[in-house]
Amino acid sequence: MSKVEVEVVGVRIEMPANQPILLLKASEPAYYLPIWVGAIEANALSIAQRGLTPPRPMAHALLLDVLEKYEAELQDVTITGKDGQIFLAELHTNDGKSISARPSDAVTLALTAHCPVYVETQLLEESGIEAPEADEEEVAQFRDFLDNVSAEDFETGTENP
């Protein structure tokens, strides 16, 4: 299967339910992929995206340290598909191993390890939202849409928190 690299836009809050959404963006094809996540996972994602180092290591840093002790490192992560409404992901190490993971954990690890995030192209086309052209007015309208989007607006769903 083919996959496309995505940018981690960040975590947005879906209103009025106040539900965090991990938002990924692909350029070619131009799609956004929203993945609903839990509050704790959203916090970990935000910390990793900002490059902050908490006073005590979080689980993501621990896992990267364990990989290093076993002479492996995280090469990339891929959002691979869905099982019903649950998104699935895999961690790929430089020694050719794949490890199943939740997308929120996989993306947090990728941000921490500074490695790429991919989405299977078919999943992106089936569950993503076509991105607007890079016209400033349209981008502003899309940001307004993201600020007001609700889970009911999509037939895709959540990840297992």
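The values are calculated or read from the model by the stated rules, or taken from the named source; none is laboratory data. Here the structure is a predicted model, which means the values were calculated and not measured. Cβ placement follows ideal geometry from the backbone for every residue including glycine, while neighbour counts extend to all protein chains displayed. In case anyone asks, the SASA skips ligands and DNA or RNA and just uses the protein heavy atoms, side chains included. Shrake-Rupley method; radii C 1.70, N 1.55, O 1.52, S 1.80 Å.
Against the condition assigned to a strand (DSSP E or B) and touching a residue at least 24 places away in the same chain (Cβ under 8 Å), how does LEU24 come out, does it pass? Lay out the reasoning, then the answer.
Details: assigned to a strand (DSSP E or B): yes; touching a residue at least 24 places away in the same chain (Cβ under 8 Å): yes.
Considered against the rule, which asks whether it is assigned to a strand (DSSP E or B) and touching a residue at least 24 places away in the same chain (Cβ under 8 Å), LEU24 comes out as yes.
Conditions tested, residue by residue: (1) aliphatic (A, V, I, L, M); (2) outside any helix (DSSP H, G or I); (3) touching a His at 6+ places or on another chain (Cβ under 7 Å).
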| residue | (1), (2), (3) |
| --- | --- |
| GLU41 | no, no, no |
| PRO57 | no, yes, no |
| GLU68 | no, no, no |
| ALA72 | yes, yes, no |
| ASP95 | no, yes, no |
Among the residues of the stretch 60-80, is any at positive phi and among the small types (Gly, Ala, Ser)?
no
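Quick one: which residue in ALA106, ALA89 is in contact with a strand residue (DSSP E or B) (Cβ under 9 Å, 6 or more places away or on another chain), free of Cβ contacts under 8 Å to residues at least 40 places away in the same chain, open to solvent by less than 10 Å² (accessible area, probe 1.4 Å) and not in a strand (DSSP E or B)? First the steps, then the outcome.
Details: ALA89 fails: not in a strand (DSSP E or B).
Result of the check over ALA106, ALA89: ALA106.
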Can you pull out the residues in the stretch 22-37 that are open to solvent by 10 Å² or more (accessible area, probe 1.4 Å) and either under 19 Å from LEU109 (Cβ atoms) or of a type in the set (Lys, Arg) (or both)?
LYS25
The correct count of residues that are at pLDDT below 90, open to solvent by 70 Å² or more (accessible area, probe 1.4 Å) and either more than 22 Å from PRO116 (Cβ to Cβ) or of a type in the set (D, E, K, R) (or both) in the stretch 38-74 is 3
